[in-house]
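Take a look at the structure set out below.
The values are calculated or read from the model by the stated rules, or taken from the named source; none is laboratory data. In this text the structure is predicted, and so the values were computed from the model without any measurement. As a convention, Cβ positions derive from the backbone with ideal geometry for all residues, glycine included, and neighbour counts pool all protein chains shown. Surface accessibility is based on the protein's heavy atoms, side chains included, excluding ligands, DNA and RNA. Shrake-Rupley method; radii C 1.70, N 1.55, O 1.52, S 1.80 Å.
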Amino acid sequence: MTFETEDRAALRQSVRDLLAKHSDSAAVRKAIASADGFDPALWGRLVEQIGVAALAIPEEFDGVGASLAETHVVLEELGRTLTPSPMLGSAVLAAQTVLLSGDHDACARLLPGIAAGEVAAVCWASESGWTATGVTASGDSLTGTAHYVLGGDVATTLLVLATDDAGVSLFEVDPAAGGVDRRRVPTMDPTRSLAEVSFTAVAGRRLSSPADLVERLKTVALVALSAEQVGAAQAALDLTVDYTKNRKQFGRVIGSFQALKHRMADMYALVETARSMSYAAALSQDPQDAYAAKIYCSEAFEQVAAEAIQLHGGIAITWEHDAQLYFKRAHGTAQLFGQPRDYLTAIAS
């Protein structure tokens, strides 16, 4: 099955054109220093002009009714420019959490707002990562701290995965409720804001959820993340090729040296194989494909970003140059939703 259909190509071009106008390097740097950690005006344009937040939401809940493959296209383009946005945390993770719960009332109540650009956040991981939840439930009372929450400091709705006697249950919480404390935390990757959300005997609204909700949500998360990684890896490669076409040494542009050509050819091979892996996982939505995409795309992006730093030389590690932002994004995404090595065991078993 071909991933790049005519409709997806048109969607890709629309997103790319909008980001070219409103999310260049200067705009990204301004956004990461803002109070929200992203540009609300740009997010509004993406939502209103293209409908990115509504893509994978069914029409009955005011969505577009497209598939996760269309969302994949948007994430790839956002990754290419390192654009900070609520797309991954809200339009993908939160929206899919509600959909996968199978709770029709929750879908009718929450999804129209998410489709319209409202920010929702999934409180999931413990301090040690995504293999356990950071929050426990006693009845409908929630206590604990969720770590690494995408958009947790600005969300208007919190969806909490909490451990109880039944396993892992899903709750809806108003962030303004008493006992909820939210704070943004420092991150290695400045283009991705993360938060800690603490709950002290907070009353949550229990939603219905299947026993395999966490595993299904993890599959969606890993595939979506791989899209960002592929887009960013492509941009790092493009940045490097452009630089080597202009940088001169010993009276020649350095891109003409055979050794550097070989290194960039290896970078290209990594990007293209990572893209194939990511697209296959997006089309199948199979857990094993998602695990493979997480491992391969993480490692490929890290290698491409490292080579970009090396081939740019000293300029790459200065704050003014974007190469260091791609390097930080590479290592940050490799850790998000679990380290690549965590999934090697899952594939082996």
Discussion item. With in contact with a His (Cβ under 8 Å, 6 or more places away or on another chain) and either over 30 Å from ASP103 (Cβ atoms) or of a type in the set (Gly, Ala, Ser) (or both) as the only criterion, which of ASP7, ASP39 stands out?
Written reply: ASP39
Discussion item. Here is a check on your reading of the model: is GLY117 more than 21 Å from LEU222 (Cα to Cα), of a type outside the set (A, V, I, L, M, F, W, C) and open to solvent by less than 20 Å² (accessible area, probe 1.4 Å)?
Written reply: yes
Discussion item. Suppose we filter SER128, SER198, SER209, SER141 for residues that are open to solvent by less than 50 Å² (accessible area, probe 1.4 Å) and at pLDDT below 95; which single one remains?
Written reply: SER209
Worksheet entry | Pair list, Cβ under 7 Å, 6 or more apart: segment 9-24 residue more than 15 Å from GLY231 (Cβ to Cβ), other residue crowded, with 18+ Cβ neighbours inside 10 Å and aliphatic (A, V, I, L, M) | HIS22/LEU42
Worksheet item: Can you tell me which of VAL28, VAL15 is open to solvent by less than 30 Å² (accessible area, probe 1.4 Å), farther than 22 Å from ALA69 by Cβ and of a type in the set (A, V, I, L, M)?
Response: VAL28
Discussion item. Filter segment 316-349 down to the residues that are in contact with a His (Cβ under 8 Å, 6 or more places away or on another chain) and without any contact (Cβ under 8 Å) to a residue 40 or more places away in the chain and list them by number.
Written reply: HIS321
Worksheet item: So is ALA56 in a loop (DSSP other than H, G, I, E, B) and without any contact (Cβ under 8 Å) to a residue 12 or more places away in the chain or not?
Response: no
Worksheet item: Scanning for something among the hydrophobic types (A, V, I, L, M, F, W, C), under 22 Å from ALA27 (Cβ atoms) and not in a helix (DSSP H, G or I), does segment 324-344 turn up at least one residue?
Response: no
